[in-house]
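The values are calculated or read from the model by the stated rules, or taken from the named source; none is laboratory data. Note that the structure is a prediction, hence the values are computed from the model and not measured. Cβ placement follows ideal geometry from the backbone for every residue including glycine, while neighbour counts extend to all protein chains displayed.
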Amino acid sequence: MTSFSSLMGTQTLLPIIQASTPEEGVSIAKAMSEAGLTLVEVVLRTEASLAALSAIKSALPELIVGAGTVTNKDILEKAIAAGSDFIITPAVSDRLLNDLADCNLPVLPGVSNTGEILLAREFGYTEMKLFPAELSGGAKFLSAISSVFPDISFCPTGGVTLDNKPDYLSLNNVFAVGSTWVAKKEWVEQGNWQAITDACSEGNK
């Protein structure tokens, strides 16, 4: 199975797309692609999310597009059917981790504390999403647990900004950060796609 970090390659920014229509999702993804990004996450938080994921895959076939906010088997199956290249969860449970074990896609499970990290590791995961990162202890938490879980690396998401991103990426157990700041709601509403491209370019440095 391909690891999530290998899908990311040299990209240290995991850009998050939340779209209210498929067309909006494609426009956001195109703006991110213009910045040189090759992988994006579509969070399944709106009714149009699955259609947006499929539309992005169709419009930008070279882009690696995955589904976020996967919390149960039903959503997982719909994400796979929509063409998702990878799966990201906001949290873990025994049931969800068992369902994920059969999906044959790279998975980044979401954790927020040491118990969940241990649970995910027991299911074979060594790459995880810390979520919500800042509220879960942030860079100080990840630094503190690095010696306890030396084999685990993270993509912190939630409260990560351009200003605190260096604090995370300076850690040996962080391979990327998830970001919503690169596609601000007002930019999307205004159709300011250049602002998204510029933010992605700056954020992935």
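Candidates in the range 148-205 are the residues that are aromatic (Phe, Trp, Tyr) and assigned to a loop (DSSP other than H, G, I, E, B); of these, the one that is nearest to residue 112 (Cα to Cα) is 149.
Determine whether the range 131-145 contains at least one residue that is of a type outside the set (Val, Ile, Thr), on the phi > 0 side of the Ramachandran plot and at pLDDT 95 or above. The answer is yes; a qualifying residue exists. Annotation: of all residues in the range 1-28 being of a type in the set (A, V, I, L, M), touching an Asp or Glu at 6+ places or on another chain (Cβ under 9 Å) and buried (at least 19 other Cβ atoms within 10 Å of the Cβ), the one that is nearest to residue 203 (Cα to Cα) is 14.
The sole residue among 112, 84 that is touching a Phe, Trp or Tyr at 6+ places or on another chain (Cβ under 9 Å), touching a residue at least 24 places away in the same chain (Cβ under 8 Å) and among the hydroxyl-bearing types (Ser, Thr, Tyr) is 112. Answer yes if at least one residue in the range 114-129 is surrounded by 19 or more Cβ atoms within 10 Å (Cβ to Cβ), hydroxyl-bearing (Ser, Thr, Tyr), over 26 Å from residue 52 (Cβ atoms) and within 16 Å of the chain's Cα centre (by Cα), and no otherwise. Yes, because at least one residue in the range 114-129 is surrounded by 19 or more Cβ atoms within 10 Å (Cβ to Cβ), hydroxyl-bearing (Ser, Thr, Tyr), over 26 Å from residue 52 (Cβ atoms) and within 16 Å of the chain's Cα centre (by Cα).
Take the residues of the range 115-147 that are part of a loop (DSSP other than H, G, I, E, B), of a type in the set (Gly, Ala, Ser) and in contact (Cβ under 8 Å) with a residue 24 or more places away in the chain: which is farthest from residue 67 (Cα to Cα)? It comes out as 146.
Quick check on the range 66-83: of everything there that is buried (at least 18 other Cβ atoms within 10 Å of the Cβ), of a type outside the set (A, V, I, L, M, F, W, C) and not in a loop (DSSP other than H, G, I, E, B), which residue is farthest from the chain's Cα centre (by Cα)? Per the stated criteria, the residue is 66.
Would you confirm whether or not the range 55-65 contains a residue that is β-branched (Val, Ile, Thr), within 18 Å of residue 158 (Cβ to Cβ) and crowded, with 16+ Cβ neighbours inside 10 Å?
Our first condition is that a residue be β-branched (Val, Ile, Thr); within the range 55-65, this holds for 56, 64-65.
Filter again for within 18 Å of residue 158 (Cβ to Cβ), leaving none.
Within the range 55-65, not a single residue is β-branched (Val, Ile, Thr), within 18 Å of residue 158 (Cβ to Cβ) and crowded, with 16+ Cβ neighbours inside 10 Å.
Looking at the range 144-194, which of its residues are of a type in the set (Asp, Glu) and in contact with a helix residue (DSSP H, G or I) (Cβ under 6 Å, 6 or more places away or on another chain)? It would help to see each step written out before you state the result.
Taking the range 144-194 first, the residues of a type in the set (Asp, Glu) are 151, 163, 167, 186, 189.
Residue satisfying the conditions is 167 alone.
Please determine whether any residue of the range 143-156 is buried (at least 16 other Cβ atoms within 10 Å of the Cβ), within 19 Å of residue 37 (Cβ to Cβ) and of a type outside the set (D, E, K, R). Yes, the range 143-156 contains a residue that is buried (at least 16 other Cβ atoms within 10 Å of the Cβ), within 19 Å of residue 37 (Cβ to Cβ) and of a type outside the set (D, E, K, R).
Just wondering, is there one or more residues in the range 33-41 that are free of Cβ contacts under 8 Å to residues at least 12 places away in the same chain and either part of a loop (DSSP other than H, G, I, E, B) or buried (at least 18 other Cβ atoms within 10 Å of the Cβ) (or both)? No - not one qualifying residue is present in the range 33-41.
Taking first residues from the range 184-201 that are under 8 Å from residue 35 (Cα atoms) and modelled with pLDDT of 95 or more and partners that are assigned to a helix (DSSP H, G or I) and among the aliphatic types (A, V, I, L, M), the Cβ contacts under 8 Å between residues at least 6 apart in sequence or on separate chains come to 197/31; 197/32; 200/31; 200/32; 200/182.
How many residues does the range 94-107 hold that are in a loop (DSSP other than H, G, I, E, B), exposed (fewer than 14 other Cβ atoms within 10 Å of the Cβ) and without any contact (Cβ under 8 Å) to a residue 40 or more places away in the chain? Break it down into steps so the answer makes sense when it comes.
Step one: filter the range 94-107 for residues in a loop (DSSP other than H, G, I, E, B), giving 101-106.
Subsequent filtering for residues that are exposed (fewer than 14 other Cβ atoms within 10 Å of the Cβ) retains 101-102, 104.
Among the residues that remain, those that are also without any contact (Cβ under 8 Å) to a residue 40 or more places away in the chain are: 101-102.
Going through the range 94-107 one residue at a time, the tally reaches 2.
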